Amino acid sequence: MREPNASWKLLTLAAILPVLVLVTINISIGDSSHPESFKRFGNALLTSYVLMGVVLLGNLFFYADSRHRPFAPLVGMLVAIGIGVLISWALVSNDDLLLEANSGLRSQMLSNIVHLLVSTAAMLLAALLAFGATFAMITGRERRVLFEEEE
Amino acid sequence: MFINRDGAVRSMESMLMAAIWFWIPLLLVPIGAWLNLSGRAKKSGLFLSLVCFVLVLISSWTVPSSDSTAAGHLLLSILAPSLLMAYGIHGMVFGGNVPVGKLDSSARWSGFLAVVISLTIFCLMHWYTLTPLWRNDEVNPYWIVFWPTFLLFATSLCSASALALVGFGDDRLVEAIKLAGLSVLMAGIALSGMLFDGYLTTAEEFSDYIWLSAADILGTVVGVSLAIGAFAIVIWSYEKSLPPPMNSLPPTEDEIKHVVAIAKSHIGGEEE
């Protein structure tokens, strides 16, 4: 079996490159970076961290079933989520760091969750298209004869 | 004073209605899915998820006063083209050479057509009158979040998939070029959005949201990776703290005899 030609670094570069190209074109046609981009990045990061943490906390119940229901991992994961919530609370309530066009902490948090719901839906649909197209390409070509005995 | 109190009561009522008709169903969708996947309550979990998902979709009618329900309205608006795309992808994959669940070979073409139509509908939602409208005939505020995010992420994934196909597979150049073509097509649609005004959104707004979508995608990927990293650290540190398992005692004479007897009963047959 031959060595693969692509590494994870190359794949990551291939994933990032089109976005960089589009952003570069965006800049070249005269649009400077959006002033709220960092806030969106921070909010997306913290919200996805906390919500993914909650989903993984649910997974710990499956893990607990096979380990005599230990308490320590649950506490550990709760602390990890708690840190995320605290950082979110601190950054959103501190002046203008992460507060977007919302009236306060609560509305920003709820807006973040709804925003994540929509962007996750967009990303899932894009993943369906990309991976579906990949599998369609793989299954689309004629079956190759590897050995004469197969015929 | 009375006016303020009335206003506060009305605001509380509106928040309660939003909680009942949007936030609680939204929370119950993953809980239902979890119950279904864990096998603890398969049917009731699926039922709960479906009912709550429908409640989220129709929330812009049940609680029109809540701004958050625009997300439910958007999900409802994109449901039909998304299902068409899923149907098309299913046909394209299972209409090819698959060992199980193979469909008729015409399913590949009908699937391809379905994917093209679904992408066309999405484009018409941006450049023609199919744009999702919400409150006072204005564009749904989440449409301009969904559309660039979808385009950017699809471009990225198709590009990575093309490289993966040619890098990890044998003789896959033609398929990789086709996938790269899809990536270029999605990038072309995004570029058109930056250059030409949509039906209700300007090219300038779209360009702004390209930045925000890139920030959104990057933030979400990093956040999810951090959560998985935290989860791995929690499990690893717990497993590391456990005492090593005790060695079991060697088998007794009776146990060895029993095993030998079982092995002998399975050895035999004709010499080839």
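The values are calculated or read from the model by the stated rules, or taken from the named source; none is laboratory data. Keep in mind that what you see is a predicted model, and the values were worked out from it rather than measured. Positions of Cβ are generated from backbone atoms using ideal geometry, with glycine treated the same way; all protein chains shown enter the neighbour counts. Side chains are part of the model used for accessible areas, which takes the heavy atoms of the whole protein and leaves out ligands, DNA and RNA. Shrake-Rupley method; radii C 1.70, N 1.55, O 1.52, S 1.80 Å.
Numbers for the structure displayed
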item: Pairs, first more than 8 Å from every other protein chain (Cβ to nearest Cβ) and at positive phi in region B:157-185, second part of a helix (DSSP H, G or I) and among the aromatic types (Phe, Trp, Tyr), C-beta under 8 Å, six or more apart; result: none
item: Filter result for the condition that a residue is open to solvent by less than 50 Å² (accessible area, probe 1.4 Å), farther than 28 Å from A:ILE16 by Cα and out of contact with any Asp or Glu (no Cβ under 9 Å at 6 or more places or on another chain), over B:SER159, B:SER59; result: B:SER59
item: Single unsatisfied condition, B:HIS126 versus (1) at the interface with another protein chain (Cβ under 8 Å from one of its Cβ atoms); (2) assigned to a helix (DSSP H, G or I); (3) crowded, with 21+ Cβ neighbours inside 10 Å; result: (1)
item: Test for A:ALA101: is it more than 17 Å from the chain's Cα centre (by Cα), surrounded by fewer than 19 Cβ atoms within 10 Å (Cβ to Cβ), over 30 Å from B:GLY96 (Cα atoms) and small (Gly, Ala, Ser); result: yes
item: Residue match in region B:233-256 (condition: closer than 30 Å to A:ALA44 by Cβ and in contact (Cβ under 8 Å) with a residue 60 or more places away in the chain); result: no
item: Scope region B:200-223; condition free of Cβ contacts under 8 Å to residues at least 40 places away in the same chain, assigned to a helix (DSSP H, G or I) and over 21 Å from A:LEU98 (Cα atoms); matching residues; result: B:ALA203, B:GLU204, B:SER207
item: Count of region B:207-224 residues which are at pLDDT below 90 and either open to solvent by less than 10 Å² (accessible area, probe 1.4 Å) or outside the structural domain of B:PHE153 (by TED's automatic domain parsing) (or both); result: 2
item: Residue match in region B:107-120 (condition: of a type in the set (Ser, Thr, Tyr), surrounded by fewer than 22 Cβ atoms within 10 Å (Cβ to Cβ) and within 27 Å of A:ILE16 (Cα to Cα)); result: yes
item: Filter result (touching a residue at least 24 places away in the same chain (Cβ under 8 Å), at the interface with chain B (Cβ under 7 Å from one of its Cβ atoms) and of a type in the set (A, V, I, L, M, F, W, C)) within region A:14-54; result: A:ALA44, A:LEU46
item: Given (1) surrounded by 14 or more Cβ atoms within 10 Å (Cβ to Cβ); (2) touching a Ser or Thr at 6+ places or on another chain (Cβ under 8 Å); (3) more than 26 Å from B:ASN136 (Cβ to Cβ), index of the condition B:LEU48 fails; result: (2)
item: Within region B:85-110, considering residues that are under 25 Å from B:ILE121 (Cβ atoms) and among the β-branched types (Val, Ile, Thr), the one modelled with the highest pLDDT; result: B:ILE89
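Conditions tested, residue by residue: (1) hydroxyl-bearing (Ser, Thr, Tyr); (2) open to solvent by less than 30 Å² (accessible area, probe 1.4 Å); (3) under 22 Å from the mean Cα position of the chain (by Cα); (4) under 22 Å from A:HIS115 (Cβ atoms).
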site	(1), (2), (3), (4)
A:GLY30	no, no, no, no
A:GLU36	no, no, yes, yes
A:PHE41	no, no, yes, yes
A:LEU46	no, yes, yes, yes
A:TYR49	yes, no, yes, yes
A:VAL55	no, no, yes, yes
A:ASN59	no, no, yes, no
A:PHE62	no, no, no, no
A:PRO73	no, yes, no, no
